[in-house]
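*Asks:* Supplied in structure tokens, the structure appears directly below.
The values are calculated or read from the model by the stated rules, or taken from the named source; none is laboratory data. These numbers were taken from a predicted model, which means no experiment stands behind them. Note that each Cβ is placed from the backbone with ideal geometry, even for glycine, and that neighbours are counted across all protein chains shown. Each accessible area value is taken on the protein alone, full model and side chains, heavy atoms only, with ligands, DNA and RNA left out. Shrake-Rupley method; radii C 1.70, N 1.55, O 1.52, S 1.80 Å.
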Amino acid sequence: VHSSYLQHIIAMAAATTEQAPLKTEMDDLAAEAAELDGYFSDTPLEPQPNYPPLKESFENAIIITNLPRVPESKVEKLTKVVMKLVSRIGNLASCAETGFTGVQMPFDSNKGETLGFAFVEYETVEEAKNAINVLKDYKFDKNHSLNVTPFKRALNLSQVETKEFEEPEPAPFVEKPNVNTWLEDSNQRDEFLIREGRETIVYWSDGKNDPVVDYDGSREKEAGVAWCEYYAHWSPKGSYLATLVPSKGVILWSGAEYEKTGRFPAPGVEIIRFSPQENFLLTSNNNRDDPNAIKVFSIQTGKLLRAFPLYPKDFEHDNGQIPPPPFQWSHDDKYLARMGTGLISVFSTPSLKLLDRKSLLTDGIFEFQWSPKANIIAYWAPENHNAPAHVDLIEIPSRKQLRQKNLFNVTKCIMVWQNQGEYLAVKV
């Protein structure tokens, strides 16, 4: 037999041998499929991923800038300090699965130091907004005061088109009225004001002759408006005359012609108080249900600096039967303070943030007064259990106790500062 023929026969036999087991396996699979018939659906399988909702607003995220730039060896320590600070304000949006702590501090590997800012994410938008208010201008250390920007605003700023700076045209100069014209009166007269009915009239007076009208609102009368509807108030140095229009707020007048020099929106206003140096104006509408009942404005800019409720937090007022504790200015306008329950809250101007972010604890305080010449607070507290009544002198801003005087068998006390602040008289 020819050798090529034999090779063909051998190859056919081998192929037949290999196909036999394969056919057996196919038959077994067909039988198994027949048994499972009816258990499978003809619907095509199209699985859909179940992702958590994507947050695109980033309203619960903030960026803290002006942080110290530190090398890699100090990154962990700085991160712990920042986390301790921001976690006091609210719950951080941490994630155990990813290891995200809620704080991310970028690191520049080329320079080998942090970039001086950090991303912080809170669980809620309210916590992020509160962090912005609390941390703004926060004194992180002696060389760094923090700035805080909402992450959403930072995104918007990154999309601002870069253009060459064009210096704006300066606003035309408008000379303000001379607030001291009354001091330049050649006859050296004083002025006083009388409100009668709907009339508000300012008079000159020298104490010898009959008073002479200086201004009676004639300009406003011709325009058909009232320049005062409630009451009027002179500023401490006589620079301004404030008139109240409760439906709108407060108007300041100054100069020889009684020109409008400021308008301060405070609907329902009933009471106003100038700061001693005439830098600030405080208004109150006496509404205990209004969280912004008391407003503090900058006289120079007209800007509202801060608003307060009529009563401090947790102050017992017996449904308004107890009058609200008044705000009091320091002699130099640097501080504004108000008494609360067992404490005095001192606010620094012009930010009006709580001094050192905490109130001055004064257990049992009944009354306090500022010194007329120094930033010293005098307060007294009545007897409490076995503790006697006492008068204390506290220096601000150091909070140093300068003096304490115990008073025995005392239920009432009246304090009076000498006009130069050298002595404090106490009547029991």
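*Asks:* Say we look at the range 371-428 and pick out the residues that are under 35 Å from the mean Cα position of the chain (by Cα) and among the acidic types (D, E); which of these is farthest from D333 (Cα to Cα)?
*Replies:* D392
*Asks:* Looking only at the range 374-422, filter to residues that are under 17 Å from V346 (Cα atoms), assigned to a loop (DSSP other than H, G, I, E, B) and not hydrophobic (A, V, I, L, M, F, W, C); which one of those is least open to solvent (accessible area, probe 1.4 Å)?
*Replies:* Ranking the candidates gives N375 first.
*Asks:* If only one of Y215, Y203, Y240 is closer than 25 Å to S284 by Cα and touching a strand residue (DSSP E or B) at 6+ places or on another chain (Cβ under 6 Å), which one is it?
*Replies:* Working: Y215 fails: closer than 25 Å to S284 by Cα; Y203 fails: closer than 25 Å to S284 by Cα.
Step by step, each of Y215, Y203, Y240 is checked, and only Y240 is closer than 25 Å to S284 by Cα and touching a strand residue (DSSP E or B) at 6+ places or on another chain (Cβ under 6 Å).
*Asks:* Another one. Would you pick out the residues in the range 326-370 that are open to solvent by 20 Å² or more (accessible area, probe 1.4 Å), of a type in the set (D, E, K, R) and more than 19 Å from the chain's Cα centre (by Cα)?
*Replies:* Answer for the range 326-370, where residues must be open to solvent by 20 Å² or more (accessible area, probe 1.4 Å), of a type in the set (D, E, K, R) and more than 19 Å from the chain's Cα centre (by Cα): D332, D363, E367.
*Asks:* Also, I was wondering about something else. Is it the case that S73 is open to solvent by 30 Å² or more (accessible area, probe 1.4 Å), over 16 Å from P150 (Cβ atoms) and more than 25 Å from the chain's Cα centre (by Cα)?
*Replies:* Here the answer is yes, as S73 does meet what is asked.
*Asks:* Of all residues in the range 261-286, how many are of a type outside the set (A, V, I, L, M, F, W, C) and outside any loop (DSSP other than H, G, I, E, B)?
*Replies:* Number satisfying all stated conditions: 7.
*Asks:* Can you name every residue in the range 172-209 that is small (G, A, S) and part of a strand (DSSP E or B)?
*Replies:* If the condition is that a residue be small (G, A, S) and part of a strand (DSSP E or B), then S205 is the only one that fits.
*Asks:* Exactly one of these conditions fails for M105: (1) buried (at least 16 other Cβ atoms within 10 Å of the Cβ); (2) without any contact (Cβ under 8 Å) to a residue 40 or more places away in the chain; (3) over 14 Å from P68 (Cα atoms). Give me its number.
*Replies:* So M105 meets the others, but not (3).
*Asks:* Residue under question is F140, and the condition is that it be closer than 16 Å to E59 by Cα and in a strand (DSSP E or B); does it hold? Even if it seems obvious, please write down each step before you answer.
*Replies:* On the way: closer than 16 Å to E59 by Cα: no; in a strand (DSSP E or B): yes.
Judged against the criteria, F140 is not a match.
*Asks:* Pull up the range 286-297, narrow it to residues that are out of contact with any Pro (no Cβ under 6 Å at 6 or more places or on another chain) and surrounded by fewer than 19 Cβ atoms within 10 Å (Cβ to Cβ), then point me to the one that is farthest from A232 (Cα to Cα).
*Replies:* D289
*Asks:* What residue, of L361, L355, is of a type outside the set (V, I, T) and in contact with a Ser or Thr (Cβ under 6 Å, 6 or more places away or on another chain)?
*Replies:* Checking each option against the conditions leaves just L355.
Table: residues versus (1) surrounded by 13 or more Cβ atoms within 10 Å (Cβ to Cβ); (2) closer than 19 Å to S218 by Cα.
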| position | (1), (2) |
| --- | --- |
| E166 | no, no |
| P170 | no, no |
| V174 | no, no |
| L183 | no, no |
| N187 | no, no |
| I194 | no, yes |
| T200 | yes, yes |
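*Asks:* Can you find a residue that is surrounded by fewer than 18 Cβ atoms within 10 Å (Cβ to Cβ) and among the aliphatic types (A, V, I, L, M) anywhere in the range 204-222?
*Replies:* Yes, that holds for at least one residue.
*Asks:* Every residue in the range 210-234 that is in a loop (DSSP other than H, G, I, E, B), more than 12 Å from R198 (Cβ to Cβ), modelled with pLDDT of 90 or more and not aliphatic (A, V, I, L, M), please.
*Replies:* D210, P211, listed by residue number.
*Asks:* Please identify the pairs in which a residue from the range 320-333 that is on the phi > 0 side of the Ramachandran plot has its Cβ atom under 6 Å from the Cβ atom of a residue that is of a type in the set (K, R) and in a loop (DSSP other than H, G, I, E, B), counting only partners at least 6 apart or on another chain.
*Replies:* Short answer, once both residue conditions are applied: G320/R288.
*Asks:* Take the conditions open to solvent by less than 100 Å² (accessible area, probe 1.4 Å) and either out of contact with any His (no Cβ under 6 Å at 6 or more places or on another chain) or under 16 Å from L67 (Cα atoms) (or both) and apply them to T149. Does it pass?
*Replies:* On the way: open to solvent by less than 100 Å² (accessible area, probe 1.4 Å): yes; either out of contact with any His (no Cβ under 6 Å at 6 or more places or on another chain) or under 16 Å from L67 (Cα atoms) (or both): yes.
So T149 fits the description; yes.
*Asks:* If I go through the range 143-162 residue by residue, how many of them are at pLDDT 85 or above and part of a loop (DSSP other than H, G, I, E, B)?
*Replies:* 2
*Asks:* Can you name the condition, by its number, that F315 falls short on among (1) surrounded by 15 or more Cβ atoms within 10 Å (Cβ to Cβ); (2) at pLDDT 95 or above; (3) farther than 26 Å from K136 by Cβ?
*Replies:* (2)
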